[in-house]
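First comes the structure, then the notes that go with it.
The values are calculated or read from the model by the stated rules, or taken from the named source; none is laboratory data. Values in this document were obtained by computation on a predicted structure and should not be read as measured data. Using ideal geometry, Cβ is built from the backbone for each residue, glycine included, and neighbour counts are taken over all protein chains shown.
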Amino acid sequence: MYAHIDVPLCSIPLLISSAPLPPMADRPPPRLDADDPTSFADLGHGIVTSSREWYHVTEETLREYAGAVFDHVSLGQLLAWSDVWVHSARTVALWSLPLLLWALSPLWAALATLGLYLAWDVLSPSFPSLWLVQALAWMQNAVVQGLYYVGILSFLSQQGSMWTVGTGLAGFVMLRWGLVHYTLGSPTTWLRRRLYALPLNDQVLRGFILRVALAHRLSVPQLDTMAQEILENWGSQRSEDD
């Protein structure tokens with residue numbers, strides 16, 4: 001015999017956000033940076049982080065061409081910021097959708113959210129921000145997102161608009177589970193490749209290195225040389241995959 005449990009509709013985002021993500025298969029053993037708890041593994045031809053993000057550059061190359069930066073910010077912290085920024089389009093869209101549903105009809109709110117997602121995903125690699133990334137890191141917390149949606153959708157449900165609540169739930173699921181990313185990933189990747197010389201993750205990491213260098217008035221003239229090595233490494237790996 002099964003017990004019947006009533007779950008409030010608006011609590012679904014919290015249940016979804018708190019569900020554990022599937023483990024990464026064949027994940028390399030992580031290395032802990034001495035100055036930061038962010039874990040990453042240097043595989044000799046690139047770096048993979050505990051967030052499953054790949055960077056086409058080695059720790060040795062980074063320290064060779066941008067060593068002065070690591071006197072102020074650890075490599076683990078830079079990689080953590082880059083991971084957050086790479087997924088920032090989803091975060092911005094997730095937090096914008098409930099507010100847009102509050103102000104617009106469900107259809108226009110959904111279209112505006114998709115437009116914001118596309119614009120941010122394509123343009124954000126050009127403006128990584130040291131202060132905004134810290135807010136985004138907090139906004140990416142699954143429990144915080146779930147509580148945010150429960151609160152806003154509970155209020156909207158009291159207004160009697162079930163279409164609005166349904167759109168919010170559907171948008172939360174599609175964004176949180178990456179369905180929007182898989183649907184729109186090809187066109188945004190195509191656009192980014194025409195705007196930036198480097199792959200997404202490497203472009204973002206390079207941007208944060210430049211931001212730290214500017215903040216501390218450091219000279220990092222060899223970043224262009226490092227970028228060339230990234231491109232060569234990226235090209236060789238793509239050839240191996242083919």
Restrict the check to segment 35-58 and report whether at least one residue is at pLDDT below 80, surrounded by 13 or more Cβ atoms within 10 Å (Cβ to Cβ) and more than 26 Å from Trp177 (Cβ to Cβ). yes
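Every residue, every condition in (1) surrounded by 14 or more Cβ atoms within 10 Å (Cβ to Cβ); (2) touching a strand residue (DSSP E or B) at 6+ places or on another chain (Cβ under 6 Å); (3) free of Cβ contacts under 8 Å to residues at least 60 places away in the same chain; (4) farther than 22 Å from Leu75 by Cβ, yes or no:
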residue	(1), (2), (3), (4)
Met174	yes, no, yes, yes
Arg192	yes, no, no, yes
Pro199	yes, no, no, no
Gly207	yes, no, no, no
Leu210	yes, no, yes, no
Leu214	no, no, yes, no
Arg217	no, no, yes, no
